[in-house]
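Here, each number is a calculation from the coordinates, and none is a lab measurement. As the structure is a computational prediction, the values presented were derived from the model and not from experiment. Positions of Cβ are generated from backbone atoms using ideal geometry, with glycine treated the same way; all protein chains shown enter the neighbour counts.
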Amino acid sequence: MHMADALLSPAVGGAMWAGSLGTIIYCAKKLRDKMDEKMIPLMGVLGAFIFAGQMINFTIPGTGSSGHIGGGMLLAILLGPYAAFLVIASVLTVQAFFFADGGLLALGANIWNLGIYPCFIGYPLIYRAIVRKNNSPKLITFATVLSVAIGLQLGALSVVLETRMSGITELPLGTFLLLMQPIHLAVGLIEGFATAGIILYVRTLRPDIVDDIEGVKSVASGVSLKKVLITMGILALITGGAFSWFASNHPDGLEWSIEKIYGKPEIHRKLNPVSENLAKLQEKTAILPDYSLPSKDGGKAEETAPSWPAVEPGTSISGIIGGLMVLGLVIVFGFGIKAMRKMRDRA
Amino acid sequence: MSFDLEFFNIGYLDTLSYKDTFVHRIDPRIKIIVSFIFILFVVSFQKYEVSALMPFFLYPVFLLTAGNIPLKAIAKKIVFVSPFAVFIGIFNPLLDTGVILSPFGIPVSGGWLSFISIIMKFVLTVSTALLLIAVTSFPGICEALERLKLPKVFVIQLLFLYRYLFVLLEESLRMIRARDARSFGKRGKEMKTFIRLISVLLIRSVERAERIFCAMLSRGFRGEIKVLRRHTINAYDILFLIISVTMFYLFRSFHIVNIIGETVGRSFR
């Protein structure tokens, strides 16, 4: 359920980045104050473990297809929320760079969707709340499954909302939710039981890893509902601020939705002197200032005109011709650089 | 299994990143910033835009050719990660059926246009991310992140993660081979076996981390790791930044594709 750059608008992507970056800095600060030095290699190696663990697949009961774990909640239980959030962010960063899972703009959203919920909702408010007093195997299983499932539901919900707010997909909100939530409920239950199994099995072999990484517990126990709510509120303000900043600085990306709401995309043109001047220059340099070939089949244009937004056929044909030409130029450019490289290598 | 192997074949991108070309030598900070601006420009187009995206292929093609990266390696990875974008995008042609343009008399619905637009944006952004790592190297990225003032703990454990990634991947590949050698068909992949395998891998990882920590202590670790700084920003880097951002801006505000299309169309008339 990784978000992809192509599904995000700059405003939403930027806002999610602001939120995730803020949380990374906050977690790093928390860790710097209280961390045991031992944690540094442990965090790095456990991040690598998540990758290695994802290679080992299992048969999903009842379906015959195979899956692997995500591991967000497992990290939160092993490392505590702050360290786990940093590890999840790093795992996603490596995935974004090497596997292009999502992309760089979507990385902010992915860290939010897969990191915030297990670390700051699932672990402190569900898992710890249930397991705190009595840590019998049954209770641990229950707490793990519940927190994993809720974390994934919230993550999937965020994916839906982010995609909707970016205005890329045509899917109605209800259908989109119906597509995403039940799938992730199933995924959440399987992941929950797998995580619980791992926690319990590791506990029989090395109880200290699960129950008693001292530095972690002291950091972890400081999380209260009030604190989480306040932090989330502040983060919401920051993201909101980032959102409006983006909205005012990059009107192009929001033009579409603003056009839908106000029906006047022209407002922004006046706000930006640079693009205004460029537009003038553009009109001078363009061969046909209004961008459209005199269309031969004017009658057809009228037929298609009512469907919105009416694009003149002249424009679309020059778009196709120009598009192919530009693509050709790009390819020529690529081969040119390759040829230059070869010549230089020979010299 | 072949999917997983392809998916996890990250060592290859790593080897590519140690080449020495013009783009490899650009300061990682500049490359990250330019790529990020590039992605912002690409996704800022409205959802029906197709032709105006074409000029933007210049940037990934530049990284690919100037960085001497094989196209096949990148293309393969793009195809492997495409399912989610395709899954979300494929509903557009089904739901948005209003015909918004009909070149040469062929009606094209808004849904198909926005679908093609999503796929093009996807290819542009994903290939840029992959090429960025292929021409920068991961330690280079980490150096840049640290110098761009990201928290040090985060950067350090990112470096740790990367270093031990290869070790642990080999470890888990050995475990998988052992499991496959001892089981037939679909057996051996039950939840119970899986949980035990993962648990053992987890314990081994934790124990490895403990040994690493001891080794670090014996080499004088005091809770601080110095990140190697190998790059400095020079005039070429600044030039690269200015030229690329100016070009993105021009591509964004001028509809170059239409201008070329009109010129060509007129000369045929």
Average beta carbon contacts from partner chains per residue of B:207-214, 10 Å cutoff: 5
Of the trypsin sites (Lys or Arg not before Pro) in the stretch B:128-166, those whose Cβ has at most 14 other Cβ within 10 Å and which sit in DSSP loop: B:Lys149
Per-selection Kirkwood Rh - the stretch B:151-218 (Cα, Å, 1 d.p.): 13.9
Translational diffusion of chain B, µm² s⁻¹ [Kirkwood Rh, Cα pairs; Stokes-Einstein; 20 °C; 1.002 mPa s]: 96
Mean residue ellipticity (222 nm) of chain B, computed from DSSP H runs ≥ 4 via -39,500 (n - 2.57), nearest 500: -22500 deg cm²/dmol
Inverse of mean 1/r across different Cα pairs in the stretch B:208-269, Kirkwood, Å: 17.4
Rel. contact order, % - alpha carbon contacts under 8 angstrom, at least six apart, chain B: 30
Choice from B:Ala134, B:Ala85, B:Ala178 with maximal GNM fluctuation in chain B (Cα, 10 Å cutoff): B:Ala178
Virtual spin-label span in nm between B:Val200 and A:Leu189, 7 Å along Cα→Cβ: 3.0
Per-residue mean of C-beta atoms belonging to partner chains within 10 Å, peptide A:23-33: 3
DSSP H segments from chain B that extend 15 Å or more along their own axis, Cα-based, with Kyte-Doolittle mean of 0.0 or above: B:28-43, B:71-81, B:110-134, B:152-181, B:191-218, B:235-253, B:256-268
Residue mean of other protein chain beta carbons inside 10 Å, B:140-153: 3
Residues B:Ile39, B:Ile203, B:Ile260, A:Ile150 arranged by fewest to most Cβ contacts within 10 Å: B:Ile203, A:Ile150, B:Ile260, B:Ile39
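Using just the Cα positions, wrap the stretch A:113-215 in a convex hull and report its mean projected area in square nanometres, one decimal place.
Taking a quarter of the hull surface, the average projection is 7.3 nm².
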Residues B:Trp112, A:Trp112 arranged by fewest to most Cβ contacts within 10 Å: B:Trp112, A:Trp112
Mean Cα-pair separation over length for the stretch B:51-174, i.e. relative contact order, pairs under 8 Å, 6 or more apart, %: 24
P(r) tail fraction, the stretch A:37-89 - alpha-carbon pairs more than 18 Å apart, %: 37
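At R0 = 41 Å, how high is the FRET efficiency between B:Arg179 and A:Leu178 if r is their beta carbon distance? Nearest 0.05 is fine.
The calculated FRET efficiency here is 0.65.
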